[in-house]
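A short write-up of the structure that comes next.
The values are calculated or read from the model by the stated rules, or taken from the named source; none is laboratory data. Owing to the predicted nature of the structure, the values given are computational and were not obtained by experimental measurement. Neighbour counts are summed over all protein chains in view; Cβ atoms, including those assigned to glycine, are modelled from backbone coordinates with ideal geometry. Note: areas computed on protein heavy atoms with side chains; ligands, DNA, RNA excluded. Shrake-Rupley method; radii C 1.70, N 1.55, O 1.52, S 1.80 Å.
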Amino acid sequence: VIPTQATPQVLYIIGEGRSGSTVLGMLLGQVEGIASVGELRFIWSRGLRDNQRCGCGSRFNDCSYWTGILRALEQTDRSPRGEDASRPIAIGSMRKFPYLFLSDRLFPGRARIRHTIALFDALYKVIGHDTGCTTILDSSKSVPFGYFLARYSRLDVRFLHMIRDSRAVAFSRQKHKLRPEIADRIEYMPTATAWRSSVKWVINNGFAPLVCHGRPYLRVLYEDFSRCPRDVLRCVFEFLDLPTTLCDTLIGDDNRARLHVLHSISGNPTRFTRGELEIKPDERWKIDMPAWKRRLVTALTWPLLNRYYQK
Ligand SMILES: [Zn+2]
């Protein structure tokens with residue numbers, strides 16, 4: 001039984017993929033008291049069902065961290081069973097976007113969504129209880145899931161919106177990156193056309209600040225983080241009401257950090273990095289991206305790109 005006083009705060013990273021949230025999550029996960037669990041919305045799909053690799057390198061169902069947490073979750077009355085088990089899988093899907101425009105009265109299946117969010121609340125509490133951490137960092141990024149959390153979670157959920165230049169994101173989406181977490185076959189991270197990447201960027205980054213429903217919200221630019229990670233981390237610690245002095249041990253003057261193993265679900269392949277990691281901006285798109293593509297992405301994302309990047 002989970003004691004009622006075990007109510008951790010949740011730091012939810014919201015926004016678009018390929019924006020540096022994996023590295024930020026890895027750094028924050030080095031701090032005592034922060035459980036950085038990766039993209040938790042995939043725990044029942046990429047974790048339990050597909051048995052992909054955890055950040056520690058083990059297959060999900062062989063990782064004692066996660067099997068312990070799922071066992072503890074089963075002790076609560078929130079554990080998903082039977083037909084219910086498929087619901088939490090779809091919670092972060094882009095198909096849930098129309099829900100954002102519906103009033104409470106017209107909201108189909110609101111009770112089921114509330115139920116799923118209660119399940120995630122229980123999961124966050126179990127993680128807090130099992131690890132002794134007071135902050136759970138969930139890098140799920142999904143805007144609909146963030147919206148449901150802001151609306152229905154009973155926990156202290158805070159939103160960190162991480163944004164990266166739309167052209168860098170589109171460029172990153174065209175590269176074939178191996179997914180080392182798939183253990184039984186060779187699979188690459190999904191690629192997207194410049195057009196599709198731009199539309200997703202506008203939707204996710206446009207809606208992210210709107211769905212937080214009065215919950216605490218902090219905006220971080222990838223470009224600031226990769227140049228001066230310490231300054232950005234200091235802001236994040238302030239945002240979490242944690243001492244900013246934690247930064248000094250986390251990252252050196254040379255922007256290098258030492259990483260220990262994290263038990264994380266899904267995310268960029270960087271999450272398997274061990275030992276030393278240098279934080280530095282990746283601006284290959286400025287040289288290697290064809291000019292027409294860059295112009296196309298700029299045109300498609302312009303008003304929002306301009307709003308987030310004007311100093
Ligand atoms: Zn693990």
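Counting only C-alpha contacts under 8 Å and six or more residues apart, can you give the relative contact order of the chain as a whole percent? Mind showing how you got there, number by number?
Numbers: 503 pairs, mean separation 91.9, N = 311.
Taking the mean separation of contacting Cα pairs over the length of the chain, I get 30 percent.
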In terms of the alpha carbon gyration tensor, root eigenvalues a ≥ b ≥ c, rounded if a/c is under 1.5 and otherwise prolate when a/b exceeds b/c or oblate, segment 1-78 is oblate
Rg/Rh over Cα atoms for the chain, Kirkwood Rh, comes to 0.94
Reduced to Cα centres, the span from segment 220-292 to segment 88-104 in Å works out to 30 Å
Semi-axes in Å, largest first, for segment 185-299 (Cα gyration tensor, √(5λ)) are 28, 21, 17
Per residue, accessible area of segment 185-281 with a 1.4 Å probe, heavy atoms of protein chains only, in Å², comes to 51 Å²
So, relative contact order of segment 179-311 in percent, Cα under 8 Å, 6 or more apart, is 28 percent
Excluding ligands, DNA and RNA, the carbon-plus-sulfur percentage of the accessible area of the chain with a 1.4 Å probe reads 51 percent
Most fluctuating of Ser45, Ser139, Ser19 in the GNM of the chain (C-alpha, under 10 Å) is Ser45
In the chain, taking the dipole from +1 charges on Lys and Arg beta carbons and -1 charges on Asp and Glu beta carbons about the Cα centre, the listed residue (Pro216, Ser64, Gln9) farthest towards the positive end is Pro216
Treating only Lys and Arg (+1) and Asp and Glu (-1) as charged, each at its beta carbon, one finds that the chain has a dipole about its Cα centre, in Debye to the nearest 20, of 1280 debye
The chain: antiparallel bridges as % of DSSP beta bridges, rounded to 5, reads 20 percent
If every Lys and Arg gets +1 and every Asp and Glu gets -1 at its Cβ, then about the Cα centre segment 65-215 yields a dipole, in debye to the nearest 20, of 560 debye
Sorting Ser166, Ile136, Ile182 by the position of each Cα along the dipole of the chain (Lys, Arg +1; Asp, Glu -1; all at Cβ), the one nearest the positive end of that ordering is Ser166
Projected onto their principal axes, the Cα atoms of segment 86-186 stretch, largest extent first, over whole-Å spans of 43, 38, 30
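Compute, for segment 96-137, the length of the dipole vector about the Cα centre, with Cβ point charges of +1 (Lys, Arg) and -1 (Asp, Glu) only. Units Debye, rounded to 20. Walk me through the numbers on the way to the answer.
Values: 6 positive and 3 negative charges, 52 e Å.
My answer is approximately 240 debye.
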Long-range share for segment 271-311, i.e. C-alpha pairs more than 13 Å apart as a percent of all pairs, stands at 69 percent
Taking 0.36 nm per residue of separation between Thr298 and Thr193 and subtracting their Cα-Cα distance, the length gained on full extension comes to 36.4 nm
Once the dipole of segment 41-190 is set up from charges on Cβ (+1 Lys and Arg, -1 Asp and Glu), the residue from the list Tyr124, Val157, Pro98 lying farthest towards its positive end is Pro98
